[in-house]
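See structure below.
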Amino acid sequence: MKPFDIPTEPRVTEMAWPTRIVFGAGALQRLPAQAKRLQMKRPLLVTDAGVVKAGLAARVLEVMKTAGFECAVFDRVEPNPTERDVFAGLEAYRSAGCDGIVALGGGSALDAGKLVQLLTTHEPPLSRYDDAKGGDQYVRDDLPPLIAIPTTAGTGSEVGRSGVVTLEDTGRKTVIFSPYLLPKAAICDPELTLGLPPGVTAATGMDAFTHCLEAYLANGFHPLADAVAIDGIHRVGRSLVTAVREGGNLAARTDMMVAAMEGAMAFQKGLGACHALAHALTPISGVHHGLSNAIVLPVVMEFNRAVCTARLARVAVAMGDTSNAREEVLASNAIDRVRKLNAAIGIPARLRDVGVQEKDLPRIADKAFQDASHLGNPRKVTEADLLAMAREAF
């Protein structure tokens with residue numbers, strides 16, 4: 001099969017994982033049917049200014065209005081959502097008398113929507129529900145319904161069971177995790193991603209790739225997650241460069257939206273040191289999460305290579321390596337292929353190139369070690385290891 005000889009698939013397909021997924025070009029038109037299924041009467045549209053400016057919020061509101069729905073709107077989610085965003089969204093939900101949420105945007109808007117959903121029935125503060133501290137035990141199933149509509153192909157939050165937010169009391173990006181946070185429906189329409197700029201496409205695409213790769217390498221046993229992760233790696237390998245260079249290529253955009261979903265499905269198995277560092281880089285240095293992942297990933301792969309050679313070899317094959325080389329060579333090739341993929345889509349090679357300050361590296365390592373993601377890393381890491389990786393990536 002040629003790299004972009006993508007098999008023809010049904011235009012719109014419904015799946016369950018267990019989120020009801022409406023997938024395909026034109027899937028947005030199915031949104032009202034899902035809102036009716038979930039018995040929504042007045043949903044709150046949670047989104048951000050960029051999505052509004054792109055005209056995507058207006059498209060959603062028009063589809064809902066045509067079907068007889070009147071939506072309230074909260075469009076002030078920041079690129080990296082904070083606790084303040086969530087409480088502002090909660091106020092909008094309550095003041096408009098809403099009974100459900102439609103979250104529209106990238107991972108930030110989708111995560112903010114989930115956490116607004118949480119606080120409609122749960123007591124603050126959000127730190128109470130921190131997954132790293134066992135906060136999932138306090139999350140109940142008495143939540144209003146949420147429909148997620150991604151406009152990027154990156155986080156996969158539309159099928160994920162977590163929300164990420166920067167807490168005001170710690171300044172740390174915090175994962176709040178529970179199966180009850182799974183959206184009740186996801187409307188995955190790749191047409192909504194056709195207008196994404198190349199830089200955003202690249203960064204979000206590498207976020208999806210990192211989810212797949214770190215989940216595949218993560219310790220523990222989850223063959224279903226492994227299979228999904230490998231397929232996602234294959235899709236990113238064959239389509240991300242095209243999606244970046246030919247933004248209107250619907251086949252490539254479709255592949256990337258599938259890969260983003262698969263990354264979130266797979267990382268229920270776990271993540272690794274790359275995500276721990278990325279979760280620290282964003283609040284401290286202001287670097288986009290996907291961009292942080294992309295820059296750090298080859299360094300983390302090199303750190304892990306000795307303990308997961310066979311799996312890295314399979315990653316190389318999934319990315320298109322047909323050399324039939326020894327596993328050790330293929331594992332090295334996988335790391336090289338990730339570096340070349342980054343270069344091909346315009347990702348800078350070093351953290352210093354995106355504004356990270358050397359003086360902040362110890363603080364980044366400290367926050368990364370506090371992040372639970374590193375616990376899934378196939379090779380045990382210390383804070384000193386994280387600092388060494390951050391320095392190498394710098």
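About the centre of its Cα atoms, the stretch 23-72 shows a dipole size close to 180 debye [charges on the beta carbon of Lys, Arg (+1) and Asp, Glu (-1) only; nearest 20 debye]. Compactness of the stretch 165-256 was expressed as the Cα radius of gyration divided by 2.2 N^0.38 Å, which yields 1.27. Taken one residue at a time, the phi angles of the stretch 72-89 give Karplus couplings (6.51, -1.76, 1.60, θ = phi - 60°) of 7, 10, 10, 10, 10, 6, 7, x, 10, x, 10, 4, 4, 4, 5, 5, 5, x Hz. Gly and Pro are set to x.
Highest first, please rank the peptides 42-49, 377-384, 133-140 by the mean number of other Cβ atoms sitting within 10 Å of their residues.
42-49, 377-384, 133-140
Relative protection proxy for 207-219, 183-195, 55-67, 85-97, from highest mean packing down: 207-219, 183-195, 85-97, 55-67 (other beta-carbon atoms within 10 angstrom). Its Cα centre serving as origin, the stretch 240-394 has a Cβ charge dipole (Lys and Arg +1, Asp and Glu -1) of approximately 80 debye.
Pairs of Cα atoms nearer than 8 Å and 6+ residues apart set the relative contact order; for the chain it is 14 percent. A 1.4 Å probe run over the chain, with the rest of the protein chains in place, finds 40 Å² accessible per residue. Within the chain, DSSP assigns beta bridges of which about 35% are antiparallel (rounded to the nearest 5). Sorted into 10 angstrom bins from 0, the C-alpha pair distances of the chain split as 5, 25, 35, 25, 9, 1, 0 percent. Peptides 153-159, 173-179, 278-284 ranked from most to least packed give 153-159, 278-284, 173-179, packing being the mean of other C-beta atoms within 10 angstrom over each peptide's residues.
Amide hydrogen proximity for Thr166: with H placed 1.01 Å from N in the peptide plane, the residues at 5 or more positions away or on another chain lying under 5 Å are Thr82, Glu83, Thr174. Dipole magnitude for the chain: about 420 debye, using +1 per Lys or Arg Cβ and -1 per Asp or Glu Cβ, origin at the Cα centre.
Sorted largest first, the principal axis extents computed over the alpha-carbon atoms of the stretch 250-308 equal 34, 32, 20 Å.
Each Cα pair under 8 Å and six or more residues apart adds its separation to the average, and for the stretch 231-338 the resulting relative contact order is 25 percent.
Greater than 25 Å separation of Cα atoms is the criterion. Which listed pairs, Lys133/Lys380; Lys53/Lys340; Lys269/Lys340; Lys36/Lys173, meet it?
With Cα atoms farther than 25 Å apart: Lys53/Lys340; Lys269/Lys340; Lys36/Lys173.
Residues in the stretch 137-142 carry Karplus couplings, in order, of 5, 8, 8, 9, 9, 8 Hz; the curve used is 6.51 cos²θ - 1.76 cosθ + 1.60 with θ = phi - 60°, and Gly or Pro positions show x. Centre-to-centre, using Cα atoms only, the stretch 179-216 and the stretch 282-352 are separated by 19 Å.
The values are calculated or read from the model by the stated rules, or taken from the named source; none is laboratory data. Please read these numbers as outputs of a predicted model, since none were measured by experiment. Because the Cβ atoms are built from the backbone with ideal geometry, glycine has one as well, and the counts that use them run over all protein chains shown. What goes into the accessible areas is simple: the full protein's heavy atoms, side chains included, and nothing from ligands, DNA or RNA. Shrake-Rupley method; radii C 1.70, N 1.55, O 1.52, S 1.80 Å.
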